[in-house]
Every structure is written in C-alpha cells, then in structure tokens.
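See below for the structure under consideration.
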Amino acid sequence: MESLIIALAGGGLALLTAVALAWHVTRQDQGNETVREIGDLIKEGAMAFLKREYMILAVFVVVVFIILALFIDYNILDKKSLETGGYGGFGIDSEGPWTALSYLAGAIGSALAGFIGMSIAVRANTRTATAAAVSLNSGLRVAFSAGSVMGMTVVGIGILGITALWMIFRDPAIVAGFGFGASSIALFARVGGGIFTKAADVGADLVGKIEAGIPEDDPRNPATIADNVGDNVGDVAGMGADLFESYVGSMISALALATLAAGTTIFATDAWVADFDSQLFVLPMLVGGIGIAASIIGTFLVRAPEGAGMSRLLWTIRTGIFGAGGLALIGTGIAIAALDLDFKLFWVVVTGLVAGQVIGTATEYFTSYENKPVQWIASQSPTGAASVIIAGVAIGMFSTVIPAASVIAAIYISNELAGVYGIALAAVGMLSTLGITLATDAYGPVADNAGGIAEQAHLDPEVRERTDALDALGNTTAATGKGFAIGSAVLTALALMVAYGEVAEVDVFRLDDPDLTIGLMIGGVLPFLFAGLTMKAVGDAANSMIEEVRRQFREIPGLREGLPGVKPDAARAVDISTQGSLKAMILPGLIAVISPVLVGAVLGPEVLGGLLLGSIVTGFFLAVFMANAGGAWDNAKKYVELGNYGGKGSDAHAAAVTGDTVGDPFKDTSGPALNILLKLMAVVSLIFGPLFI
C-alpha cells in the first residue's frame with residue numbers, strides 16, 4: 001500500500017507542476033495588439049473545433065458504456081470473477097458496471113488531458129513569439145514550459161486513474177476498461193485533429209507557397225489561421241490523448257500479465273487465486289511515479305544558448321531527457337531493492353528505457369537536417385518533386401531497421417529476464433519519463449504557431465529566424481516522441497495479446513493452423529486500410545481547402561496583393577477543415593473497435609489472435625516508415641529554406657515543398673494513429689475475449 005501511495009503522490013506532484021508551469025506561461029507578455037488578435041483567432045478556432053469533436057465523441061462513449069455494462073459487466077464478470085466479499089479492502093461488490101465506469105473514466109481522463117494541454121498551448125504561442133524577440137532561450141523556455149504542462153498533465157491523470165482503480169478493484173479486467181476509454185478518445189482525437197491540421201497545411205503550402213508565391217504563414221492566405229488552429233487540435237490535443245493512451249496502456253498490460261506471474265490467469269474459472277498483494281502488481285505504478293519525479297527535475301535542465309545551431313539545440317533537449325532517464329533508473333533500482341523483488345526486473349526497466357532512447361536517437365538521425373539522410377533528400381530537389389518523394393520513401397524505409405532491431409532486442413532480453421511480464425514492464429520503462437519526452441514533443445507546435453504569428457504580425461525577421469530554429473528542432477523531437485509511442489505500442493500490444501490469449505483460452509499457435517494464417521492476413525491488411533482511409537480523408541479535405549484559397553484569391557480584390565485593410569475569410573477556411581475532419585474520423589475509428597469484435601464473434605478466438613499478431617508486425621513498420629519519412633521531408637524543405645540549392649522561391653524549394661506536403665499526413669495523421677490502432681484492437685480483444693470462448 002505504501003508503494004501505491006508513492007505512485008499517487010507522483011501523480012499529484014505532476015498535476016501541481018502542471019499548474020505551476022501553466023501559471024508561469026500565462027504570466028508572460030502576450031505581445032502587441034496585432035499579435036494578440038491573431039492569437040485570439042487561433043484560440044477561438046481551436047476551442048470551437050474541440051467542442052464539436054467532443055460532442056461527437058460523447059455519443060460514441062455513451063453507446064460503448066451501455067454495451068460494456070450490458071454485455072461485459074453483468075454477463076461475464078460476475079460469472080468469472082471471484083466472490084471474495086469485495087475488492088481491495090474497500091467492500092466493493094463484484095457485481096456492477098465497473099468495467100463500463102472504468103471505461104468512462106479513461107475516456108474523460110484522455111479528453112481532459114488533451115483539453116488542458118491545448119488550452120495552454122493556444123495561450124503560449126503569442127507569448128513564445130514575444131519571448132523569442134528577447135532571445136532564443138527565452139522563446140524555448142516559454143514553449144517548453146507549455147509542452148511540459150501537457151507532459152505533466154498526461155502522466156498525472158494517467159497514473160492517478162490507474163492507481164486509484166487498482167486500489168479499489170484489484171481486477172485487471174476492470175482496469176483494462178480505463179485503457180479502452182483512453183484508446184477510444186485517442187484514436188478519434190489523433191485522426192480528427194490530424195486530418196484538420198494537414199488539410200489546412202497542404203492548402204496553405206500548395207496554393208500559398210507554390211501557386212501564389214507568398215511566404216509560409218502569410219496573413220494573406222486564408223488557410224494560414226486554419227493551419228495554426230490545426231497545429232493545436234492535432235499536434236497538441238490529439239497527440240496528448242495519444243500519449244495518454246500509450247502511458248496507461250503499458251501499465252494495464254503489466255497488470256494483466258502480473259496475474260500470470262503471480263500464479264493465475266486473468267479470469268479464473270473457479271476463483272481468483274493470484275496474490276494481489278504481490279509487489280509485481282505495484283511495481284509498474286511505482287516505476288511510473290518515480291519517472292514523474294525524474295521528469296520534473298529533467299525539465300529544469302533544458303536551456304539553450306543564444307545563436308545555438310540545430311546540433312546544440314538537440315543536445316539541450318537530450319540533456320533533460322538523458323538526465324531524467326538516469327534519475328528514473330536510480331530510483332527504480334532503489335525501489336526494486338526495497339520491495340525485495342528479483343533484481344532482474346531492474347534490468348528489464350533498463351532494457352525498455354535504453355530501447356526507447358535508441359529508437360529516439362535513430363529517429364533524430366533520420367529526421368534532422370544536420371544529418372546526411374535529410375541532406376540527401378534535399379539534394380534531390382533541384383531535379384524535381386518526384387526525386388524528393390522517391391528519396392523520402394527510401395529514407396523512411398531505411399529508418400525502420402534500427403527501431404525494429406531495438407524492439408526485437410527489448411522483447412528477447414525482457415522475456416529472458418522476466419517472461420511476458422517483463423515485456424510489459426519494459427514498455428513501462430520505455431515510457432517512465434514520458435513527462436519530459438512528451439514535453440519535447442508538445443513544445444514543437446507552440447514554436448510553429450509562434451513562427452506563424454511572427455510572420456503574420458510582421459515582427460522583426462530575427463524573431464522568425466529564432467522560431468524557425470525552434471520549429472525545426474520541434475519536427476525532430478516530435479518524430480522522436482512518435483518513435484517512443486510506436487516502440488512502446490509494440491511491446492504493449494504484444495503483452496495485451498498474451499493476456500487476451502489467457503482470457504479467450506487460445507492455445508499456442510501452430511504454423512499449420514489455417515486459423516493463424518487467416519488471422520495474420522486480416523490483421524496485416526488492417527493497418528494499410530486504416531492508413532489509406534486517413535490519407536484519403538486528408539486528400540479530400542485538402543482539395544476543398546485548396547479550392548477555397550484559390551476562390552478567395554480570385555474573388556477578393558486586393559487580397560493577393562496585400563492591399564491595406566483587405567483580409568481573408570479565415571473563418572470559412574477553419575470551417576472547411578472542421579467539417580472535413582469530423583466526418584472523416586468516424587469510419588477509421590469504428591474499424592478499430594468493430595474489427596476485433598466481429599472477427600472474434602464470427603471466425604473465432606484463434607483467428608482473432610492471429611489478427612492481433614499480424615497487425616502488430618505490419619502496423620509497427622508502416623507507422624515508423626510514415627512518421628520518419630514525413631519528418632525527413634519536412635526538414636529537407638527547411639534545409640532548402642536555409643539557402644541551400646537556391647533557397648526560398650527556387651524550383652528546388654517548390655519541389656521540397658511538394659515533398660513536405662506528401663509527408664504531412666504521413667507524419668501527423670496516419671503514422672502516429674497506427675500505434676493507437678494496435679493497442680486499441682488488443683485491449684478491445686482483452687475485454688471482449690470471454691464472449692468468444
């Protein structure tokens with residue numbers, strides 16, 4: 001119990017830190033009147049979108065809540081669970097809609113984390129632009145503090161929710177509902193927000209930069225405000241919900257497999273026989289609490305000297321991440337010794353954390369314009385857009401090798417040390433310092449918005465140079481954050497698949513079993529279907545945006561020329577992205593939820609097991625490829641914009657912009673949503689698995 005109190009304290013400390021950082025951000029100078037007006041437009045658009053999105057998601061959540069209450073809690077749990085007179089010493093009877101309520105808590109927690117993070121982000125962008133006028137470090141500190149609010153909110157709400165539910169019920173099946181709720185919101189938020197932001201981004205780039213020949217984020221472009229709004233709803237709110245789901249999913253998989261390590265299955269046919277006082281259940285939450293404290297300390301290590309290049313800025317971020325990782329390992333080692341657990345578990349956590357760092361560092365290499373892969377993509381730009389796209393595809397494919405080797409090594413080592421429980425614990429270790437790794441991800445959109453505001457408000461060119469440096473770093477750190485999420489998704493989904501096998505009583509797969517082959521084929525194709533739907537949605541919404549931008553340039557006199565007093569209809573552009581994204585997010589989300597239930601009910605639990613395995617393999621490689629190729633294309637464009645190969649306005653720049661627009665939905669819509677797909681299908685299978693027996 002004392003260890004769980006430490007985990008709860010860590011969650012509370014994270015939320016207090018988030019409050020303090022939010023207060024610090026809102027105390028900064030908002031800038032002149034023009035800057036404030038632009039910031040208010042972005043804030044209003046982002047909040048309006050989030051309100052409409054959450055209204056749609058509320059209907060979905062209510063429907064799923066009713067289904068869980070009727071078909072899971074009353075028809076399954078009361079038959080399979082233990083009659084012990086209550087869970088966890090709180091006198092809670094086993095009969096009740098507990099999984100449904102847990103699902104509701106997870107959905108609310110995920111939505112709340114995204115809302116809080118975005119609320120601060122839309123307030124920080126004007127303040128970051130103003131601070132960047134003072135110095136590079138001032139701009140970095142404001143943007144990074146805003147990103148840290150998201151990081152601390154996610155880990156704080158996540159660990160408080162998981163720990164509280166475990167203390168009350170001590171039932172992994174009920175706690176799994178929390179992960180289902182988090183995954184549901186994360187998938188829709190990531191897909192919906194991703195479609196919104198990339199539709200606006202593509203419209204702003206193709207019509208503004210290439211056709212009209214005006215700079216990025218130019219106030220004449222009606223898609224500019226929509227693009228800025230999209231950075232917040234997609235890359236902040238959507239990404240926060242995404243990482244919230246990753247964080248709680250890793251802990252839930254460890255809890256589910258701790259029942260095996262403690263000597264029972266998740267659902268025992270006669271009685272619960274696991275020792276729920278076993279420290280194996282406590283350890284994942286304790287590691288999370290220690291990681292929170294380490295992350296808080298790490299955030300204070302991030303400082304940038306004025307005039308720092310990309311390499312120096314990267315090491316500024318790495319100092320905070322590596323420092324937090326080292327502190328987390330020291331604390332974990334002490335905790336394992338204090339709990340009198342096998343010290344092999346410490347090396348499992350080390351394995352997960354190191355694997356995450358390797359994936360992150362490899363991602364930096366393939367997506368930073370200081371390194372050869374991105375520079376090679378940029379070198380192809382003088383020969384046209386096709387050459388840029390071919391080069392980016394190649395780099396994206398190459399970039400899958402190191403993450404694959406890292407995950408393979410993590411699975412092998414952690415399984416050798418602690419069995420399948422070790423695989424789940426390695427995922428916990430990989431995400432233990434999410435508080436700071438997410439901060440390095442979430443600060444990027446704030447810096448990007450700050451650059452857009454600096455351009456639109458005609459601030460000193462030096463301000464835009466500083467925000468561009470922070471934005472370029474943000475592209476790399478965002479790709480690193482996606483790498484962590486994707487790597488942990490494989491470990492978490494694999495652990496949840498094993499837990500599903502216990503729930504659904506699926507025997508070990510045999511190579512000559514046609515059910516396995518059928519399941520592998522279905523699971524293998526689902527990530528491609530999902531990615532195709534989301535890419536198509538971006539394309540459709542982007543086409544509407546392009547036509548609207550062209551119309552306004554054609555029909556509003558003086559807009560293209562930038563005559564005084566002539567302004568674009570930004571509200572219309574925001575509405576186009578909003579409508580397109582909210583409609584298009586529904587089908588991919590439903591596929592993720594319905595597919596495992598339909599396959600399990602019609603084709604059986606063995607085929608569903610194959611589906612999960614097939615989706616993990618293809619989904620992992622497709623997600624890494626898309627995320628890294630997109631990041632590399634984006635920074636190749638920025639490398640050209642630095643003056644290489646003709647710089648801005650050249651044919652090479654137009655080719656690089658085209659590559660960037662292809663990469664936008666790769667890295668910010670389809671790629672990052674795939675890791676949620678893998679875990680959502682696995683947790684749905686775990687919860688509904690007993691129905692398929």
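The values are calculated or read from the model by the stated rules, or taken from the named source; none is laboratory data. Owing to the predicted nature of the structure, the values given are computational and were not obtained by experimental measurement. Cβ placement follows ideal geometry from the backbone for every residue including glycine, while neighbour counts extend to all protein chains displayed. To get the accessible areas, we keep the full protein, side chains included, count just its heavy atoms, and leave off ligands, DNA and RNA. Shrake-Rupley method; radii C 1.70, N 1.55, O 1.52, S 1.80 Å.
Laid out as a table, the results:
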{"quantity": "Residue 351 being within 26 Å of residue 296 (Cα to Cα) and either in contact with a Ser or Thr (Cβ under 7 Å, 6 or more places away or on another chain) or open to solvent by less than 30 Å² (accessible area, probe 1.4 Å) (or both)", "calculated": "yes"}
{"quantity": "Flag if residue 459 is of a type outside the set (Asp, Glu) and closer than 30 Å to residue 606 by Cα", "calculated": "no"}
{"quantity": "Residue list for region 553-575, restricted to those being at positive phi and either in contact (Cβ under 8 Å) with a residue 40 or more places away in the chain or hydrophobic (A, V, I, L, M, F, W, C) (or both)", "calculated": "562"}
{"quantity": "Single residue of 62, 35 found to be farther than 25 Å from residue 147 by Cβ and either surrounded by 14 or more Cβ atoms within 10 Å (Cβ to Cβ) or modelled with pLDDT of 90 or more (or both)", "calculated": "62"}
{"quantity": "Members of region 6-25 found to be open to solvent by 60 Å² or more (accessible area, probe 1.4 Å) and in contact with a helix residue (DSSP H, G or I) (Cβ under 6 Å, 6 or more places away or on another chain), listed by number", "calculated": "6, 24"}
{"quantity": "Residue within region 189-204 that is open to solvent by less than 10 Å² (accessible area, probe 1.4 Å), at pLDDT below 75 and either farther than 19 Å from residue 464 by Cα or outside any helix (DSSP H, G or I) (or both) present", "calculated": "yes"}
{"quantity": "Selected residue (only one of 534, 440, 476 is open to solvent by less than 30 Å² (accessible area, probe 1.4 Å), at pLDDT 90 or above, part of a helix (DSSP H, G or I) and not small (Gly, Ala, Ser))", "calculated": "534"}
{"quantity": "Residues (touching a strand residue (DSSP E or B) at 6+ places or on another chain (Cβ under 8 Å) and open to solvent by less than 20 Å² (accessible area, probe 1.4 Å)) located in region 125-172", "calculated": "169, 171"}
{"quantity": "Filtered residue count, region 446-461, keeping only those that are open to solvent by 10 Å² or more (accessible area, probe 1.4 Å) and part of a helix (DSSP H, G or I)", "calculated": "4"}
{"quantity": "Options 183, 138; residue that is part of a helix (DSSP H, G or I), under 22 Å from the mean Cα position of the chain (by Cα) and of a type in the set (Gly, Ala, Ser)", "calculated": "183"}
{"quantity": "In region 405-418, the residues that are in contact (Cβ under 8 Å) with a residue 12 or more places away in the chain and crowded, with 16+ Cβ neighbours inside 10 Å", "calculated": "406, 407, 410, 411, 413, 414, 417, 418"}
{"quantity": "Any hit, region 322-344, residues being assigned to a helix (DSSP H, G or I) and closer than 25 Å to residue 621 by Cα", "calculated": "no"}
{"quantity": "Residue in region 591-598 that is surrounded by 24 or more Cβ atoms within 10 Å (Cβ to Cβ) and part of a helix (DSSP H, G or I) present", "calculated": "yes"}
{"quantity": "Positions within region 308-349 being touching a residue at least 60 places away in the same chain (Cβ under 8 Å), of a type in the set (A, V, I, L, M, F, W, C) and within 22 Å of residue 10 (Cβ to Cβ), in sequence order", "calculated": "321, 324, 328, 335, 339, 341, 345, 348, 349"}
{"quantity": "Cβ-Cβ under 7 Å pairs, at least 6 apart or on other chains, region 132-144 side over 10 Å from residue 466 (Cα atoms), far side among the aromatic types (Phe, Trp, Tyr) and open to solvent by less than 40 Å² (accessible area, probe 1.4 Å)", "calculated": "143/443; 144/443"}
{"quantity": "Single match in 467, 433 (criterion: under 24 Å from residue 232 (Cβ atoms) and either open to solvent by less than 10 Å² (accessible area, probe 1.4 Å) or under 18 Å from the mean Cα position of the chain (by Cα) (or both))", "calculated": "467"}
{"quantity": "Of all residues in region 637-693 being in contact with a helix residue (DSSP H, G or I) (Cβ under 8 Å, 6 or more places away or on another chain) and outside any helix (DSSP H, G or I), the one that is most open to solvent (accessible area, probe 1.4 Å)", "calculated": "648"}
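For (1) out of contact with any Gly (no Cβ under 9 Å at 6 or more places or on another chain); (2) within 30 Å of residue 226 (Cα to Cα), each residue gets a yes or a no:
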residue: 560; (1), (2): yes, yes
residue: 566; (1), (2): no, yes
residue: 580; (1), (2): yes, yes
residue: 597; (1), (2): yes, no
residue: 611; (1), (2): no, no
